[in-house]
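Participant: Below is one structure. I have some questions about it.
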Amino acid sequence: MYANMMRLHFADALNFLGKLTFRRIWNAIKVLASYYLARWLGLAIQWGLPLTVSIEPTTACNLRCPECPSGLRAFTRPTGNLRVDFFRQAIDELSQNLVYLIFYFQGEPYINPRFLEMVNYAHRRGLYTITSTNGHFLDLENARKTVESGLDRLIISVDGTTQEVYESYRKGGNLEQVLQGARNVVAMKKKLRASKPHLIFQFLVVRPNEHQISEVYRLAREIGIDEVKLKTAQVYDYQNGNPLIPENERYARYQRQPDGAYRVKNQLLNHCWKLWHSCVVTWDGKVVPCCFDKDARHQLGDLKAQGFAELWQGPAYQAFRRELLKGRGRIDICTNCTEGCKVWA
């Protein structure tokens with residue numbers, strides 16, 4: 001089993017490395033050098049363009065997960081679907097420097113009816129493509145289209161191994177439908193003799209499901225999933241405890257203090273790799289610093305109104321980087337951040 005897992009990881013790594021070009025490697029060197037120089041000098045020095053961009057196919061979702069603004073229908077920003085014409089324009093500008101593209105921010109990507117068409121466009125531009133789904137739309141037709149799109153990595157959220165536990169977080173979800181969707185993709189890969197997408201079960205560890213961690217590995221083996229990843233859960237009201245915080249602190253982002261209160265485990269260091277190498281683009285073209293700005297309150301530009309290179313080095317972005325270097329604790333989206341705090345299997 002271990003040898004097979006290593007073979008699958010190696011195949012995925014080779015696929016990723018095969019996407020690299022001299023231009024992408026040189027851009028990555030510039031970005032990395034500027035990041036360490038900025039940390040050393042405390043100045044907002046940034047060279048190059050992003051290595052990765054997360055783009056939002058939609059804000060809509062079929063589930064009502066309790067710690068998700070999409071699930072709670074709690075956005076104050078506009079909701080909608082990413083348009084193909086805008087997506088192609090953005091990718092045409094960015095693709096020569098990007099290493100990989102994440103089709104996810106908020107919402108369920110498969111709700112956008114042209115989602116896989118956009119994946120295929122990015123695939124044809126030589127990008128390593130990733131998406132994350134709750135798995136409820138992976139019927140046989142979508143499984144076939146997913147494999148044919150050229151998608152490189154498919155993350156399927158499986159946050160429980162029994163229906164009762166699964167739906168305690170994935171409100172409105174059906175575990176068997178998710179598992180059947182995963183089986184459909186595995187079967188379609190075999191039928192089409194495809195090595196992609198690399199399939200991952202992502203298990204969001206919360207108190208109701210932490211006793212099922214070993215079971216999700218068993219399910220993954222039985223179905224033919226390539227990898228399992230454990231993820232710590234972000235909760236908004238954690239200071240006085242929360243029923244979602246796991247008992248096992250290894251899987252928690254928060255640590256109980258002697259007085260009974262909770263705090264974020266990781267120390268808020270005054271630098272962040274994300275602000276140098278990545279960004280998030282909402283469905284309507286707004287650029288925000290990272291995935292923690294779920295309601296797009298820190299808009300640093302609009303791709304429908306300006307070119308990305310201008311925006312990336314523009315006054316709003318540079319001002320945000322300067323503020324971060326002065327003190328992340330003063331930026332609201334940073335105070336519950338998982339930078340360096342995720343638990344991977």
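Participant: Any residue that is modelled with pLDDT under 90, more than 30 Å from residue 203 (Cβ to Cβ) and within 24 Å of the chain's Cα centre (by Cα) - is there at least one of those in the range 300-318?
Facilitator: So far as the range 300-318 goes, no, none of its residues is modelled with pLDDT under 90, more than 30 Å from residue 203 (Cβ to Cβ) and within 24 Å of the chain's Cα centre (by Cα).
Participant: Is it true that some residue in the range 234-244 is in a helix (DSSP H, G or I) and more than 24 Å from the chain's Cα centre (by Cα)? Give the steps one after another, and end with the answer.
Facilitator: Here is the first cut: in the range 234-244, the ones in a helix (DSSP H, G or I) are none.
No, the range 234-244 has no match at all.
Participant: If residue 73 satisfies all but one of (1) over 16 Å from the mean Cα position of the chain (by Cα); (2) on the phi < 0 side of the Ramachandran plot; (3) not β-branched (Val, Ile, Thr), what's the number of the condition it fails?
Facilitator: All conditions are met except number (2).
Participant: Run residue 256 past the list (1) open to solvent by 60 Å² or more (accessible area, probe 1.4 Å); (2) within 23 Å of the chain's Cα centre (by Cα) and report the number of the one that doesn't hold.
Facilitator: Result: residue 256 passes all but (2).
Participant: While we're on this one: Exactly one condition in (1) free of Cβ contacts under 8 Å to residues at least 60 places away in the same chain; (2) surrounded by fewer than 16 Cβ atoms within 10 Å (Cβ to Cβ); (3) out of contact with any helix residue (DSSP H, G or I) (no Cβ under 6 Å at 6 or more places or on another chain); (4) closer than 28 Å to residue 12 by Cα is false for residue 104; which is it?
Facilitator: (2)
Participant: I'd like to verify a number: residues in the range 295-338 that are surrounded by fewer than 17 Cβ atoms within 10 Å (Cβ to Cβ), touching a residue at least 60 places away in the same chain (Cβ under 8 Å), out of contact with any Asp or Glu (no Cβ under 8 Å at 6 or more places or on another chain) and outside any helix (DSSP H, G or I), how many?
Facilitator: The qualifying residues number 4.
Participant: State which residue pairs qualify: first residue under 24 Å from residue 187 (Cα atoms) and without any contact (Cβ under 8 Å) to a residue 60 or more places away in the chain and inside the range 204-223, second residue surrounded by 18 or more Cβ atoms within 10 Å (Cβ to Cβ) and of a type in the set (S, T, N, Q) in any location, beta carbons under 7 Å apart, and separation of 6 or more residues or different chains.
Facilitator: 215/161; 216/161
Participant: So, one more: Among the candidates 206, 186, 280, single out the residue that is closer than 17 Å to residue 160 by Cβ and either out of contact with any Cys (no Cβ under 7 Å at 6 or more places or on another chain) or surrounded by 15 or more Cβ atoms within 10 Å (Cβ to Cβ) (or both).
Facilitator: On the way: 186 fails: closer than 17 Å to residue 160 by Cβ; 280 fails: closer than 17 Å to residue 160 by Cβ.
Answer to the selection: 206.
The values are calculated or read from the model by the stated rules, or taken from the named source; none is laboratory data. Please read these numbers as outputs of a predicted model, since none were measured by experiment. Counting neighbours? That spans all protein chains shown, and the Cβs are built from the backbone with ideal geometry, glycine included. Ligands, DNA and RNA are stripped out before the accessible areas are found, and what is left, the full protein with its side chains, is counted by its heavy atoms. Shrake-Rupley method; radii C 1.70, N 1.55, O 1.52, S 1.80 Å.
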